[in-house]
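Only the coordinates and a few stated rules stand behind these numbers; no lab work does. From a predicted model like this one, the values you see are computed outputs, not experimental measurements. Neighbour counts run over all protein chains shown; Cβ positions are idealised from the backbone, glycine included.
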Number of protein chains: 2
Amino acid sequence: MHFTAEQRLDGGVLERTFTLGEIPGILWTPASTSAPVPLILLGHPPLGLRTMYPRLVDRARRAAADGFAAATIELPGSGDRPRWAAAEQARADLRRAVAAGGPVDDHVVDALVLPLVEKSVPEWQAALDALLSLPEIGGPVGYSGGVISIGIRLAVVEPRISAAVLFAGSLVPAVLFEEARRVTVPLHVLLQWDDEGNDRRAALDLFDAFGSEEKTLHATMGGHTGVPQFAGESAARFLARHLK
Amino acid sequence: MHFTAEQRLDGGVLERTFTLGEIPGILWTPASTSAPVPLILLGHPPLGLRTMYPRLVDRARRAAADGFAAATIELPGSGDRPRWAAAEQARADLRRAVAAGGPVDDHVVDALVLPLVEKSVPEWQAALDALLSLPEIGGPVGYSGGVISIGIRLAVVEPRISAAVLFAGSLVPAVLFEEARRVTVPLHVLLQWDDEGNDRRAALDLFDAFGSEEKTLHATMGGHTGVPQFAGESAARFLARHLK
């Protein structure tokens, strides 16, 4: 892990960009930390860190205000990372299916999501190794947001994740739907009731499938990107409750 | 409105019992109030105020800690109020249907719930008149909990209600399901995912029907009476956000 730049944001939060091999990432730490702090991994959709930056930095500031570090890495095939022909093809197929208003074929979902999960989850784990080796970062670790299938797999394979906020989605391959039954960490699932890109019934079925003893569904009105501020605060409080 | 007794609880909250005509009630006000405070009406199931007291006083203490008064009244046919033959019959029919594990006939639900709504809603409104005439109570007014059909009707007919926390249920007469579409105040709906007395699908359909622009579904694991503490706190924060 190699830090490439740093700046202090208003309020004193330290933002550092880094690379982990060829993967770019960003780490935010609170203005002052006397002891190692818990960490929140900030998931995001595969739109590139530059595009997602304004929303990520908002979430990181909230995490820092709660006394947590926050970090994220670029997803494979996004941002400045090499494009990846099969994923581009799958994404085009998905766009076509959604534009046609029809249901999305399982094989389109699988072709898009499964390789993303297979490639990115070990990268998040490598990032976790590097981040937890920094003296200013301790534990526990939470995961928040992004592609729900990545969150499911990480929660299943990574014992250092203690709690997760997931954004309900329906484009979930059957194999990951089954893995959801093996998730046991406390979960807070955000659902946008009128999400144009997700089937509500399928999202509710996925919530039902999670194996966690403590799981909360927090459904609010509006479309995919319309999560109200109070829902974000509720998710932050969930993490604060479990990581402190 | 006639106060019949008063006591200071630990922490200084003032608890006063009252009668409004023949209806017993309880009013809780914060330890110290310099200006008139908002009011939360505490709904409850028809089990009698004495039975419900421990849970009501917990909610009232939380309201007082947030700077709010809280009040409740006995439901018709409950507690020390005169029994009411038709309701007793409907309740016995309901118990029989639930024990038989079958679906509950619409006419059983109607016979139980409709007269309760018709009788109790004007009583809550009369209580509101009396409570708002006290110098220590101002507004706005929130309604929280209890029989969801009463909450629906009250939210529709009573313009002084500014926000409501409702406990999701499925034993809702069709006429009240239709009225739900006319509810416009901000809503926070609690759903117990494995509620043995309620059909989950019907409860989700009712949530979908509410006309409110701001509505949140907060679903947690467990049975009817197993609402976790963090879900109660989330509901209290919703009211604090809207009544302050």
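Tell me, how many Å apart are the Cα centres for region A:211-229 and for region A:3-33?
Using only Cα atoms to place each centre, the spacing works out to 28 Å.
For region B:205-244, which GluC sites (Glu not before Pro) are in a loop by DSSP, counting at most 14 other Cβ atoms within 10 Å? Walk me through the intermediate numbers first.
Numbers: sites: B:Glu213, B:Glu214, B:Glu233; in loops: B:Glu213, B:Glu214.
Counting only loop positions with at most 14 other Cβ atoms within 10 Å, the GluC sites (Glu not before Pro) in region B:205-244 are B:Glu213.
Could you list B:Asp195, A:Asp129, B:Asp110 in order of exposure, starting from the residue whose Cβ has the fewest other Cβ atoms within 10 Å?
Working: B:Asp195 21, A:Asp129 11, B:Asp110 16.
Going from least to most buried by this count: A:Asp129, B:Asp110, B:Asp195.
Just to check, using Stokes-Einstein with a Kirkwood Rh over alpha carbon pairs, what's the diffusion coefficient of region B:137-244 at 25 °C and 0.890 mPa s in µm²/s?
Numbers: Rh = 13.8 Å.
The calculation lands on 178 µm²/s.
What does the charge dipole of region A:2-243 about its Cα centre add up to, to the nearest 20 debye, if the Cβ of each Lys and Arg holds +1 and the Cβ of each Asp and Glu holds -1? Let's see the in-between values first.
Values: 22 positive and 29 negative charges, 77 e Å.
It works out to roughly 360 debye.
With angles folded into 0 to 90 degrees, how steeply does helix A:229-243 sit against the dominant principal axis of chain A? Use alpha carbons for both and round to 10.
Once rounded, one gets 60 degrees.
Taking a cut-off of 29 Å, what percent of all Cα-Cα pairs in chain A are separated by more than that?
25 percent
Can you list the residues, at least 5 places off or on another chain, whose amide H is less than 5 Å from the amide H of A:His188, using H built in the peptide plane?
Close amide H contacts, sequence-distant or interchain: A:Ala164, A:Val165, A:Leu166, A:Thr216.
Starting with the fewest neighbours, write out B:Ser78, B:Ser144 ranked by other beta-carbon atoms found within 10 Å of each beta-carbon. The partial results should precede the final answer.
Details: B:Ser78 21, B:Ser144 25.
Ranked by crowding around the Cβ, least crowded first: B:Ser78, B:Ser144.
Would you tell me the mean number of C-beta atoms belonging to other protein chains that fall within 10 Å of each C-beta in B:185-196, as a whole number?
Numbers: counts 0, 0, 1, 1, 1, 0, 2, 0, 6, 1, 0, 0.
That average works out to 1.
Just grab the label-to-label distance for A:Gln125 and A:Ala99, each label 7 Å out from Cα along the Cβ direction, in nm (one decimal).
It works out to 3.8 nm between the two label points.
Taking the beta-carbon count within 10 Å as an exposure proxy, list B:Arg61, A:Arg95 from fewest neighbours to most. Walk me through the numbers on the way to the answer.
Working: B:Arg61 18, A:Arg95 11.
If I rank by nearby Cβ atoms, fewest first, I get A:Arg95, B:Arg61.
How large is ³J(HN,Hα) for each residue in region B:203-212, as worked out from phi by the Karplus curve 6.51 cos²θ - 1.76 cosθ + 1.60 (θ = phi - 60°), to whole Hz, x for Gly and Pro?
Karplus values, whole Hz, x for Gly and Pro: 5, 5, 5, 5, 4, 4, 6, 3, x, 4.
Across the residues of A:52-65, average count of Cβ atoms on other protein chains within 10 Å? All intermediate terms of the calculation are to be shown ahead of the outcome.
Numbers: counts 0, 0, 0, 0, 0, 0, 0, 0, 0, 0, 0, 0, 0, 0.
Taking all residues of A:52-65 together, the mean is 0.
Quick one: putting +1 on the C-beta of Lys and Arg, -1 on the C-beta of Asp and Glu, what dipole do you get for region B:88-204 around its Cα centre, in Debye to the nearest 20? Show your work: numbers first, answer last.
Details: 10 positive and 16 negative charges, 37 e Å.
For region B:88-204, the charge dipole is close to 180 debye.
Only bridges with both residues in chain B count here: give the DSSP antiparallel percent, nearest 5. All intermediate terms of the calculation are to be shown ahead of the outcome.
Working: 17 of 40 bridges.
Approximately 45 percent, going by the DSSP bridge assignments.
Return P(r) of the protein assembly as shown (all Cα-Cα pairs; 20 Å bins starting at 0; whole %; ordered from short to long distances).
Binned Cα distances yield the sequence 22, 47, 26, 5.
Picking from B:Leu94, B:Pro45, B:Leu204, whose Cα lies most toward the positive end of the charge dipole for region B:2-243 (charges on Cβ: Lys, Arg +1; Asp, Glu -1)?
B:Pro45
For chain A, take the longest principal axis of its alpha carbons; what is the angle in degrees between that and the long axis of helix A:49-65, to the nearest 10 within 0 to 90?
Orientation of helix A:49-65: about 50 degrees from the principal axis.
May I ask you to derive the relative contact order of chain A, considering only C-alpha pairs under 8 Å and at least 6 residues apart, and to give it as an integer percent? Intermediate values should be presented prior to the final figure.
Details: 438 pairs, mean separation 38.0, N = 244.
This gives 16 percent for chain A.
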